[in-house]
Amino acid sequence: MCNTTARRTAIPLTSGRYKRAALRSALVLLAVAVSGCGALPTLRESTNLYSLSAPSAESIAGPTVSWQLLVDTMNAPAGLDTTSIAVRQRTSSLDYYEGVAWTDRAPVMMQRLLVETLENTGLITGVGRDSLAIRANFVLRCELRDFQADTTGTNTTIATVRTSCALINMPDREIVARESHSGQATAGGTEFAQIVAAFNRATDDALTDIAQWALSAGDREFSG
C-alpha cells in the first residue's frame, strides 16, 4: 500500500524560461513517488479563463467596399503564441500570470477579434478567416509583436498590444500596403479583472486602427 499527498504551492508568476523544465521535473518526481502504487490520482489546477471582445462599430470609420478580404492567421513569437497571459516585469524577459489563461492562443484570439471587428463595421460583407473558401481580392496578414502587461519601471500595469500588418493583393500575392498598429491602456488597479479590462481597451485601439487602415488601403488599391 502506498499513500501520497499532493501539496500545492501558490506562485503568482511563472517564468517562461523555466516553465517547461519545471513541469518535466514535477512529472518525474510524481512518477517516482507513486511507483508501484497503482493508478495515479487525478490532479487539477484551477484556471480562470478570460476572453476579449471586439470594438463596437461606432468607433470605426471607413469606406463601404465591394471587395472581399481574408484575414490570415496571425504570426507571433513563441512567448506570445500561447494561452498563458504574459507580463513583462523586466525588459529582457517575459513571465506569465499563474492561475489564469486566455480562452485561445493569443494570435488565434486576435485573428477572430479582427474578423469580428471588420464584420461589425457593416462596411464589408465579404470577410472571413483564412480557413473559409471565399474568393478574396486581398489577404490581411498580421504579426503580433506585443501582447502583454508591462510593469517595467513603473508602479502601474500597462496592457500593450502591437502588430505589423501587410495587405496582399490577390491573386498576384503582391504587398500593396504595410503598417504597424498599437494600443496601450493603464489598468485601474491590481485586480486581475482590471488588468483584463486594460487589455480590452488596448486591443480595441489596435483593432480599430487595423480595420480603418485595411478598408482605406484596400479601397484605394481596388479603385485605383
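The values are calculated or read from the model by the stated rules, or taken from the named source; none is laboratory data. If you're wondering where the values come from, they're calculated on a predicted model, not measured in any experiment. Using ideal geometry, Cβ is built from the backbone for each residue, glycine included, and neighbour counts are taken over all protein chains shown. Keep in mind that these areas ignore ligands, DNA and RNA; they rest on the heavy atoms of the full protein, side chains included. Shrake-Rupley method; radii C 1.70, N 1.55, O 1.52, S 1.80 Å.
Against the criterion of being at pLDDT 95 or above, closer than 26 Å to residue 78 by Cα and open to solvent by 70 Å² or more (accessible area, probe 1.4 Å), residue 184 qualifies.
Matching residues to (1) at positive phi; (2) among the polar types (S, T, N, Q); (3) in a strand (DSSP E or B):
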position: 114; (1), (2), (3): no, no, no
position: 123; (1), (2), (3): no, no, no
position: 153; (1), (2), (3): yes, no, no
position: 162; (1), (2), (3): no, no, yes
position: 172; (1), (2), (3): no, no, no
position: 183; (1), (2), (3): no, no, yes
position: 197; (1), (2), (3): no, no, no
position: 209; (1), (2), (3): no, no, no
position: 215; (1), (2), (3): no, no, no
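Would you confirm, using the coordinates I've provided, whether residue 40 is at pLDDT 95 or above and hydrophobic (A, V, I, L, M, F, W, C)? Judged against the criteria, residue 40 is not a match.
Just to be sure before I move on: is residue 123 of a type outside the set (D, E, K, R), touching a strand residue (DSSP E or B) at 6+ places or on another chain (Cβ under 6 Å) and surrounded by 17 or more Cβ atoms within 10 Å (Cβ to Cβ) in the structure I sent? In short, no.
Per the conditions (1) in contact (Cβ under 8 Å) with a residue 40 or more places away in the chain; (2) open to solvent by less than 20 Å² (accessible area, probe 1.4 Å); (3) part of a strand (DSSP E or B); (4) out of contact with any Phe, Trp or Tyr (no Cβ under 7 Å at 6 or more places or on another chain), the sole criterion not satisfied by residue 141 is (2). Just so you know, in the range 152-168 the residues that are over 15 Å from the mean Cα position of the chain (by Cα) and either open to solvent by 30 Å² or more (accessible area, probe 1.4 Å) or at pLDDT below 95 (or both) include one that is nearest to residue 198 (Cα to Cα), and it is 158. Here the condition is being open to solvent by 30 Å² or more (accessible area, probe 1.4 Å), out of contact with any Cys (no Cβ under 8 Å at 6 or more places or on another chain) and among the small types (Gly, Ala, Ser); of 149, 133, it holds for 133 alone. Residue 167 versus (1) part of a strand (DSSP E or B); (2) closer than 23 Å to residue 82 by Cβ; (3) touching a helix residue (DSSP H, G or I) at 6+ places or on another chain (Cβ under 7 Å): which is the lone unmet condition? Of everything listed in (1) part of a strand (DSSP E or B); (2) closer than 23 Å to residue 82 by Cβ; (3) touching a helix residue (DSSP H, G or I) at 6+ places or on another chain (Cβ under 7 Å), residue 167 misses just condition (2).
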